[in-house]
Each structure stands twice: as C-alpha cells, then as structure tokens.
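The values are calculated or read from the model by the stated rules, or taken from the named source; none is laboratory data. Quick caveat, the model's predicted, so the values are computed rather than measured. Heads up, the Cβs are rebuilt from the backbone with ideal geometry, glycines too, and the neighbour counts pull from every protein chain shown. Only protein heavy atoms, including side chains, enter the accessible area calculation; ligands, DNA and RNA are left aside. Shrake-Rupley method; radii C 1.70, N 1.55, O 1.52, S 1.80 Å.
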Amino acid sequence: MKLLVDSGSTKADWISIDDQGKVLFTTQSLGLNPEVLTKEEVVERLNDKFDISHNKKNVTHLFFYGAGCGTERMKNFLADVFQEYFPKAMISVHEDTYAAVYATTPKNQKAVVCILGTGSNCSYFDGNVLHQKVQSLGYIAMDDCSGNRFGRHLLRGYYFNKMPFGMAKEFEEEYNIEPDYVKHNLYKEPNPNAYLATFAKFLIKHKDTDFCKELIEAEMQKFVEFYIMQYENAKEVPIHFIGSIAFYLKDELEIVLKKHGLNLGNVLRRPIDGLIQYHVLNK
C-alpha cells in the first residue's frame, strides 16, 4: 500500500493506492506543516483519521509533499515522525512544490511553478531538477499573495477602519472578530497562518470591489516581482500555479502576469489527482 499526501498548512489530502494505481481509500486530515507543529500534534492529527491510523502497519511507501518542508531539518523531523508511525514504510518527504511540479508540468518540460494557497512558494523546474532562489522564512516574513497574507490585510483593513462600511458590517456577521478571540487564534492556537487564511474566502467573494481589487493586485505584483522574476528566463517558460488562491483568482492573476510579459500556464486547485498518475508511471 502506497500513501500519497499533499499537505498545506490548513489541510492534507491523502490517497492510498496499490501498485497498479487503484485507489484504496481517500481521506483528508488537518495540515501537517512541521514549521508550526510539534511531534505530538502531528501524531494527534494522524490518529484522528481512522483510515490512516488503522492502516499504519500496512503502508509500504509514504510519499509526502508538504508546506514547511523546504529545509533538511524540517524534512528530517517529519520523516522521523512518519517512520515511527508507519514502521514498515519507506518514507519520502518533499516540499509541496514538487507535488505542484508533478501535477502541472509534462515530463522533461521547463516551467516556473508557483503555489498560492494558505502560504506561497515559487520554484523553477528545468525538466529534471527543481531550483529555488528564495528560501522561505514562513508566514510572518514572507508568503506574499497567500491566503494568510490576504487574511492579515482584511483584519488590518477592518481594524484600521479602511474597509468600506457595508463590507465591514458583513465581515462582522461572517466572522468572530472580537479582539480577544482574534488574538487567541493568532498567538495561542496552533497554525495561526491557517487561521488567517480562513478570511481569504471573504476576499474572493468580494474580489470585484475596489477595496479587494487593490489588495489583490498589490499582492500579485509583489509575488511577480519578488518571486517569479528571480528567474532570468521566466518570460520564456509557462508559469504554472497550484492552490485555491490562484484557482479562484485566475483571471486577476493572468492580467498581472501579462503586464510583466509572463505566460500563465496550468492552474489547478490541488495536485493530488495528478500525483497518482506520476507515481504509477514512476513506480
């Protein structure tokens, strides 16, 4: 039994397949970002899903692609947790960008591959190897154009009285934005980045308002400038995207890319289905 996992900070998609690629089960857990979780929290999230915990001794291979796995320290931390939990499995831990590459980019083709979900990331794939020029420092310092960054902007817009009155009233009705509640989630609960990203749905719903348009365009401009344009040949290859932010703001993304002479490639909400084909072909 092989387990394929695509994990963001908010949620993780799990698919179990046999050697022929037949799906044995699918499930979804809370995200397993090692940058913000302890070993105990990771194990708790695994135990919370019956299909995962019930089959942990049957797993022969685990292929994990996750947010927060961009450094060797975080990869090794998570691999050690998984090895203890799935004792008979061969463990492979990669950063989430690899899942995005395998899902969006035909074999041996070159592309810039980006993730815009709860967090954000951008890499260059030369057809064989993934190259990354920007080392992520996480949601506080980076993550431009991500769900958590948009959530931060919405909260600031509301509390600094910059959000239009009618929108602010709707924001109050849709979310609990009492100061103590917000601060508890930001500073006392795990995954504050995922909490911030919950507000992104509101931004997408109101994306045609001037207030949200300005936020969206400003963040997309930053992402292009600080991430994509790091690669000298970015204008010569397609720019692929994975993630809910990219998926639901595809039209806005294409407009910004065109302004910079960039070509929008494939845009997928999640890569998990593409991973099945990849691992069957490369077993």
Degrees, to the nearest 10: 72-85 long Cα axis against longest axis of the chain = 50 degrees
Distance between Cα centroids, segment 19-78 to segment 114-191: provide it in whole Å.
-> 24 Å
What's the percent breakdown of Cα-Cα distances in segment 123-233 across 5 Å bins, shortest bin first?
-> 2, 10, 19, 21, 16, 13, 9, 5, 3, 1, 0
Please report, as a whole percent, how much of the solvent-accessible surface of segment 165-283 comes from carbon and sulfur atoms (probe radius 1.4 Å).
-> 50 percent
Cut-off 12 Å between beta-carbons: net charge of the residues surrounding residue 39, Lys and Arg +1, Asp and Glu -1 = -4
Filter the trypsin sites (Lys or Arg not before Pro) in segment 156-253 down to the DSSP loop ones having no more than 16 other Cβ atoms within 10 Å, then list what survives.
-> 162, 188, 207
Placing one equal point scatterer on each C-alpha of segment 57-212 and summing with Debye, one gets log10 I(q)/I(0) at q = 0.10, 0.17 Å⁻¹ equal to -0.50, -1.04
Run through all the Cα pairs of the chain and give the fraction in each 10 Å bin from 0, expressed as whole percent.
-> 6, 29, 33, 23, 8, 1
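If you take every DSSP beta bridge whose two residues both sit in the chain, what share of them, in percent to the nearest 5, is antiparallel? Each step should come with its number before you reach the end.
Numbers: 21 of 41 bridges.
Here the antiparallel bridges make up roughly 50 percent for the chain.
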Angle between the chain longest axis and helix 250-259 axis [Cα atoms, degrees, rounded to 10] = 70 degrees
Quick P(r) readout (segment 1-124; Cα-Cα; 5 Å bins; whole %) gives 2, 11, 21, 25, 20, 13, 6, 2, 0
Once both labels are modelled 7 Å past Cα along the beta-carbon direction, what's the residue 92-residue 222 spacing in nm?
-> 3.5 nm
With Cα coordinates, the longest principal axis of the chain makes an angle with the long axis of helix 147-159, in degrees rounded to 10, of 30 degrees
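Over segment 1-111, average the accessible area per residue using a 1.4 Å probe and give it in Å², no decimals.
Accessible area per residue, segment 1-111: 46 Å².
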Sparse-neighbourhood loop sites, GluC sites (Glu not before Pro) in segment 185-259 - DSSP loop, at most 10 other Cβ within 10 angstrom | 232
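Per residue, how large is the accessible surface of segment 166-279? Use a 1.4 angstrom probe and give square angstrom.
Details: 6020 Å² over 114 residues.
Result: 53 Å² per residue.
Nearest 20 debye, what's the magnitude of the dipole of segment 124-207 about its Cα centre given +1 on Lys and Arg Cβ and -1 on Asp and Glu Cβ?
Working: 11 positive and 10 negative charges, 44 e Å.
The calculated dipole for segment 124-207 is roughly 220 debye.
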